[in-house]
Structure formats: structure tokens, C-alpha cells
Amino acid sequence: MTAKFYNRLALIAVYLTFIVIVLGAWVRLTDAGLGCPDWPGCYGHLTWPQDENALARAEQVRPERNVDVGSAVREMVHRYAAGILGLIVLALAVLAWRRRQQPGQPLLLPTGLLVLIIFQAALGAWTVTMLLKPAIVLAHLAGGMLTFSLLVWLYLKTRVRQPRPNLPQRRLRWPLSIALCVLIVQILLGGWVSTNYAALSCPDFPTCMGQWWPEADFGEGFTLWRGVGVDYEGGILDHDARVAIHLTHRIGALFVVAVFAWLLWQLFRTPGMGMPGAVLTVLLSVQISFGILNVVLGLPLWIAVAHNGMAALLLACMVWLLTLTGERPAPSG
């Protein structure tokens, strides 16, 4: 088993995780999260109802919920992709232990990824059994983003590195770390907006319902844990609570722009970091544009899904930049 094969397998896992994240957003934004009201199967089977007899049996399994075959298909496609990803992460962990004597082979990272993917599966099950409880859905989203980031890191750690010149890049570690923390908080806020169906609570931009500061209930909006047994599909919060969530995400976006403007200034003034800085600029600009378009165009599905995917790409870019600035420079002379 060569290091090159292991690196390529990690890259396949990166691509597949991104697909799973996008599929998860597609499922959530099309209200298909309870398309299969049981787990891991769908109405007691490993696939969605595919004929009239299967549909009749499904209606008997959960008579209180109408069977939506389209939602069931979307939910099961997401589960199949996540299941394949789990097998690849398992292979990465097993191969890491088999290769543990090889120089440069990470062991703790792929092992931790396996633990994380198992916990992600549990969160996926709880998402269904707890009827889309926002805190559980948010944790599932955060776990997906963390899995993606760690797989990107694993890929970068196991690739063949070319010697790098002596560049004053290590001083960028702190700006990058601060910007990454701000980005993570903003992604969590975006997830809270989505899980509470608050994306269109402010239907105009840059104001909210024609006001700069409308009525908002932050206490109710940020109550993280509520009663068990409540069906959260479609959201249960009143308008003022959803406005509070939406406003907080917008305020967070302002912090992101300010911190990343500072980071980009640091990148562009550092020799050798112009190209990475340009990549980050493009990703950030597209993400901000998607966020604004979601509001002014009334949350088009493809833009809303792309907004989730772009958040993952921004995380990947930050991991890449941290890896670049953490590499030891090539010896001089």
C-alpha cells in the first residue's frame, strides 16, 4: 500500500464529503428531512417505496404522516452517499494503522475521523427520531463541516510536498486562526437560521422589513434546547424570534467581512501568498453574493444549496492556508 494510494483515497473522501454536505443541504431546503421517518431504512426497508404495494405498506407503517416518495428518494440518496463515505473513512483508519510504521503516516487524525463519522451517523438517526430538533440538526451540520475540514487536512498532510522557499509566512498563523474561528461561528449561525426556517424572516436587504432594527426576540430565538416529541418541520418559532436569528447572522456577516479584509491585507503583503489570497477573495465574494441573493430573490433552491457548499469551500481554503503557513521552509544554502 503506497503513500500515493492513501493520499488519493483521502482525496476521494474529500470530494464525497462535499457531495454529502451539498446533498444534506438539498434535503433540508426541500423539506425532505423526514421523507423517511425511520432510520437507517425508509418505512422499514432499505430503499424508498417504489410501487403501489410498497406505498400502501409505507402508509400503514406511519399513518399519521403522508408518504412523499420524492422526499424519501432525496433522503435515501443522502444516506447512501453518507454510508459510502463511512466505509471510505473506515478504510482510511484501518490503512493508517497498517501503515503506522511508515514515515509521515498520520494515525490519530484518521482514527479521530472514524470516531467522528460514527457520531455523525448517530446524529443522523437522532435528526429523524427527534423530528428535526434544531439543536440536533445543527450539530449534524457542524459535524459534516468538521469531517470535511479534517479530511482536507488529512489529504494535505499525506500529499508529496515540494520544497518551499524561505518565506515570512508563519506570522500569518494568528490572523488565519482568528479568521477561522469567526468563520466557524458564522457557519453555525447560518445553520441555526436554516434549522429554524428563518432565512426569509427579513425579506429585504440591507434593511429588514424596511427597518434597520425591527422587533426581535433574541431570548426565544436562541433557546437551544426545547421539548422532546415536538415536530419541528417548518419551524415552531414566532416571527420575532426568527427575525432575531436572521439579524444575528447578518451582523455576523459584517464581522466576517471585517476580519477577512484584515486577513487578506496580511496575505497580499506577504511574499508568495498572493495566489492563495486571490482564491480566498473569490470564494468570500461569491459567498457574500449568494447570501444577499438568497434574500432578494426569495431563497432560490440552487443558490441556497450553493451557499452551504461555498461555506464548506471556505473552510477548506482556510485549512489549506493554515497548512501552507505551517510548513517548514526549505533550508537555505
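The values are calculated or read from the model by the stated rules, or taken from the named source; none is laboratory data. Note that the coordinates shown come from a computational prediction; the quantities given were computed from them, not determined experimentally. Please note: Cβ atoms are built from the backbone with ideal geometry, for glycine as well, and neighbour counts cover all protein chains shown.
Among the residues in region 37-53, are any aliphatic (A, V, I, L, M) and either under 23 Å from residue 157 (Cβ atoms) or part of a helix (DSSP H, G or I) (or both)? Within region 37-53, none of the residues are aliphatic (A, V, I, L, M) and either under 23 Å from residue 157 (Cβ atoms) or part of a helix (DSSP H, G or I) (or both).
The single residue among 89, 77 that is surrounded by fewer than 19 Cβ atoms within 10 Å (Cβ to Cβ), under 23 Å from the mean Cα position of the chain (by Cα), assigned to a helix (DSSP H, G or I) and touching a residue at least 40 places away in the same chain (Cβ under 8 Å) turns out to be 77.
Each residue in region 185-223 was checked for being surrounded by fewer than 21 Cβ atoms within 10 Å (Cβ to Cβ) and touching a Pro at 6+ places or on another chain (Cβ under 6 Å), and 1 of them qualify.
Listed here are the residues, each with its yes/no results for (1) within 30 Å of residue 35 (Cα to Cα); (2) out of contact with any Leu (no Cβ under 6 Å at 6 or more places or on another chain).
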{"position": "235", "(1), (2)": "yes, yes"}
{"position": "271", "(1), (2)": "no, no"}
{"position": "274", "(1), (2)": "no, yes"}
{"position": "283", "(1), (2)": "no, no"}
{"position": "294", "(1), (2)": "yes, yes"}
{"position": "310", "(1), (2)": "yes, yes"}
{"position": "315", "(1), (2)": "yes, yes"}
{"position": "318", "(1), (2)": "no, no"}
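Each residue in region 54-74 was checked for being assigned to a helix (DSSP H, G or I) and at pLDDT below 90, and 8 of them qualify. Just one residue in the set 111, 127 is in a helix (DSSP H, G or I) and at pLDDT below 95; that residue is 127.
Does residue 76 meet the test of being out of contact with any helix residue (DSSP H, G or I) (no Cβ under 8 Å at 6 or more places or on another chain) and either assigned by TED's automatic domain parsing to the domain that holds residue 315 or within 23 Å of residue 24 (Cα to Cα) (or both)? Considered against the rule, which asks whether it is out of contact with any helix residue (DSSP H, G or I) (no Cβ under 8 Å at 6 or more places or on another chain) and either assigned by TED's automatic domain parsing to the domain that holds residue 315 or within 23 Å of residue 24 (Cα to Cα) (or both), residue 76 comes out as yes. Would you check if residue 237 is among the hydrophobic types (A, V, I, L, M, F, W, C), surrounded by 12 or more Cβ atoms within 10 Å (Cβ to Cβ) and part of a helix (DSSP H, G or I)? Answer is no for this residue.
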